[in-house]
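Peer 1: Got a structure for you, questions after.
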Protein chains: 2
Amino acid sequence: MRPFAERLATLTEARGRLCVGIDPHSATLAGWGLDDTVAGCERFARGLIEALGEQVAAFKPQAAFFEAHGSAGVALLGRVLADISAVGAVSILDVKRGDIGSTMQAYARAYLGDGELAADAVTLSPYLGFGALAPALELAAANGRGVFVLARTSNPEGGGLQQAITAAGVSVAQGIVVAANAANQTAGTPLAGLVIGATHADSGVDLAGFDGWVLAPGIGAQGGTITGLQASFGAVYRRVLPSVSREIAASGPEPTALRDRAAALTLTS
Amino acid sequence: MRPFAERLATLTEARGRLCVGIDPHSATLAGWGLDDTVAGCERFARGLIEALGEQVAAFKPQAAFFEAHGSAGVALLGRVLADISAVGAVSILDVKRGDIGSTMQAYARAYLGDGELAADAVTLSPYLGFGALAPALELAAANGRGVFVLARTSNPEGGGLQQAITAAGVSVAQGIVVAANAANQTAGTPLAGLVIGATHADSGVDLAGFDGWVLAPGIGAQGGTITGLQASFGAVYRRVLPSVSREIAASGPEPTALRDRAAALTLTS
């Protein structure tokens, strides 16, 4: 399979840059007249994918809302990932996994292999060190998939840790940027993307020379704006993929309203 | 339900302190003559629980190895958690989840609620800030469950981030200890435990005054030793729960051998 970063570039050239979150939260489901059950979650996810699947480049299912329904919810997640693939968009599965050694390999196999829960890309959490994520980067490289590693997140509680200063004299978040850059240089392809919240006045990290994709959540409910992204991200703005969940879902379930809202949030330059 | 920390204290007084990891890794399964399938994982988990369930205080299933088998693996994880409960041990589900807001609530509901995947305690990862984990701590408090938050992990790649210095002038790992202590003071019960690897010459953090449990992985394959724990953990040594996975599994599948190996690794003073 072609490298994930190339596939995403081709798709976003055709469709613009927007990632639609699939977060079947009980309040969101209620807004669509749906129950907080597996069947309700399935109608919600299908509604988003059917309305937007040929219009947007990427969907980001949030694993937590599926896991909350146990194994039946996880089975639904597998069907949602397959549905995303069927409409020609890419799936960025928001799992924020991070572990070590053979455990990290098992997570990579679960989400970047060829099984029921295979996604085009996953989010990863680096508390155990960027280096511990290597098994996921290796399987992503082998299978044409991608990873987005948390660097600077959109929530207010994240700053204390992410702005701590490492022995290299940079922030923890900047250290993740540096490590992702190094991994991409080694791989010869922008394998590792970053997650950087859209809620900061500036991105909080120096992205000069970073050649991967940046997933930017926090638009809408968390206070980030689409129009603020160019100022926040500067040089990498054209590789920023804004991720919007509740603000789009709240315009549904009517397909035309979903399409209009998504179109208004899509970056095309 | 009684608070998790009390239930664990009662159990460890009777059975000693040992947490047996349930990590159905392909190499471990092969050592038991089992295939790396859901059925193989089930026979492995059942074998450990049947041999050790009335002898040890806690089991720690590693979610990654179940998720690698998709929704059928996750359904098996639910059965394993029920089996652990049935033998009177506690389950510490190693999921290392960490997210924000309603997403963190959904993870809490998945693993600390009353559904198919309910565990007695879970591991959490604080890259998005200890404060972001609050929904899990709240549900744990309400339901008599516990959490173990990653502080200083056993792997070599973790040091750069975990030893970075926060604005408070302490390491990231120490900041997690401080936050867990504060959360426990607020809750009036040692709700929040910590994960601190057993592979360090000292624990790397100041645990003075910490009244929660410490889960200490890294014994065996990663180089930590049971006899090194007293020196590493000092004052909190009697609330250190060593976690051992491969070293015990490798002595199986013969039940007597498993029991002997577990007994040799159990702390009783």
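Peer 1: Which distances, in nm and shortest first, link the B:E6 label point to the same label point in every other copy, taking 7 Å along Cα→Cβ?
Peer 2: Ordered by distance, the counterparts are at 6.2 nm.
Peer 1: Convert each backbone phi in segment B:145-159 into a coupling constant with the Karplus relation 6.51 cos²θ - 1.76 cosθ + 1.60 (shift: θ = phi - 60°), then list the ³J(HN,Hα) values in order as whole Hz, x for Gly and Pro.
Peer 2: 10, x, 9, 10, 9, 4, 10, 10, 8, 7, 8, x, 6, x, x
Peer 1: Compare the peptides A:78-90, B:110-122, A:234-246 by average per-residue count of other Cβ atoms within 10 angstrom and give them in order, highest first.
Peer 2: On the way: A:78-90: 18.2, B:110-122: 23.3, A:234-246: 19.8.
The packing order, highest mean first, is B:110-122, A:234-246, A:78-90.
Peer 1: Counting only other chains, and only Cβ atoms inside 10 Å, what mean value do you get across the residues of A:60-67?
Peer 2: Partner-chain Cβ atoms within 10 Å, mean over residues of A:60-67: 6.
Peer 1: Calculate how many DSSP beta bridges within the protein assembly as shown are antiparallel, expressed in % of all such bridges and rounded to the nearest 5.
Peer 2: Around 10 percent antiparallel, to the nearest 5.
Peer 1: Tell me: how much accessible area in total is hidden between B and A, 1.4 Å probe, Å², nearest 100?
Peer 2: Details: alone 11140 and 11140 Å², together 18260 Å².
Result for this pair: about 4000 Å² buried.
Peer 1: While we're on this one: Please report the spacing between the Cα centers of segment A:107-151 and segment A:194-269 in Å, no decimals.
Peer 2: Centre-to-centre (Cα) distance: 22 Å.
Peer 1: Would you mind working out the accessible area per residue for the protein assembly as shown, using a 1.4 Å probe, and quoting it in Å²?
Peer 2: Ligands and nucleic acids excluded, the figure is 34 Å² per residue.
Peer 1: Distances from A:D211 to the same residue in each other copy, label points 7 Å out along Cα→Cβ, in nm, shortest first?
Peer 2: 5.5
Peer 1: Per residue, how big is the convex hull of segment A:4-261 when only Cα atoms are used? Give it in Å³.
Peer 2: In segment A:4-261, the Cα convex hull volume per residue is 118 Å³.
Peer 1: Right, another one. If I take the Cα coordinates of the protein assembly as shown and project them onto the principal axes, what are the three extents in Å, biggest first?
Peer 2: So the three principal-axis extents are 65, 47, 44 Å.
Peer 1: Another question about this same structure. With every protein chain left in place and a probe of 1.4 Å, what is the accessible surface of A:H69, to the nearest 10 Å²?
Peer 2: Surface open to solvent at A:H69 totals about 40 Å².
Peer 1: Calculate what fraction, in whole %, of the accessible area of segment A:4-261 sits on carbon and sulfur atoms when a 1.4 Å probe is rolled over the protein chains. Could the numbers behind the result be given before it?
Peer 2: Details: 4320 of 8450 Å².
Summing carbon and sulfur atoms, their accessible area is 51 percent of the total for segment A:4-261.
Peer 1: State, as an integer percentage, the relative contact order of chain A based on alpha-carbon contacts under 8 Å between residues 6 or more apart.
Peer 2: Rounded, it is 20 percent for chain A.
Peer 1: Nearest 500 deg cm²/dmol is fine: what mean residue ellipticity at 222 nm does chain B get from its DSSP H runs of n ≥ 4 alone, each adding -39,500 (n - 2.57), divided by its residue count?
Peer 2: -12500 deg cm²/dmol
Peer 1: Once you keep just the Cα pairs under 8 angstrom separated by 6 or more residues, what percentage relative contact order results for segment A:55-142?
Peer 2: Across segment A:55-142, relative contact order equals 28 percent.
Peer 1: In nanometres, what is the gap between the two model label sites at B:E54 and B:Q185, each 7 Å from Cα along Cα-to-Cβ?
Peer 2: About 4.5 nm, to one decimal.
Peer 1: List the lysines whose Cα lies under 17 Å from the Cα of B:K96, skipping any in the same chain that are fewer than 8 positions away.
Peer 2: Leaving aside lysines fewer than 8 places away in the same chain, those within reach of B:K96 are A:K96, B:K60.
Peer 1: Count, for each residue of A:127-137, the Cβ atoms from other chains sitting within 10 Å of its Cβ, then give me the mean as a whole number.
Peer 2: Per residue, the average neighbour count from other chains is 5.
Peer 1: List the distances, in nm and shortest first, from the label point of A:A231 to the matching label points in every other copy, placing each point 7 Å from Cα along the Cα-to-Cβ direction.
Peer 2: 5.7
Peer 1: What average number of partner chain Cβ atoms lie no more than 10 Å from the Cβ of the residues making up B:175-182?
Peer 2: Mean partner-chain Cβ count within 10 Å for B:175-182: 1.
Peer 1: Take B:D206, B:D99 and sort them by solvent-accessible surface of the protein heavy atoms, 1.4 Å probe, largest at the top.
Peer 2: Solvent-accessible surface, decreasing: B:D206, B:D99.
The values are calculated or read from the model by the stated rules, or taken from the named source; none is laboratory data. All values derive from a computational prediction rather than experimental measurement. Glycine also receives a Cβ, built like all others from the backbone with ideal geometry; neighbour counts cover every protein chain displayed. Surface areas here come from the heavy atoms of the whole protein model, side chains and all, with no ligands, DNA or RNA. Shrake-Rupley method; radii C 1.70, N 1.55, O 1.52, S 1.80 Å.
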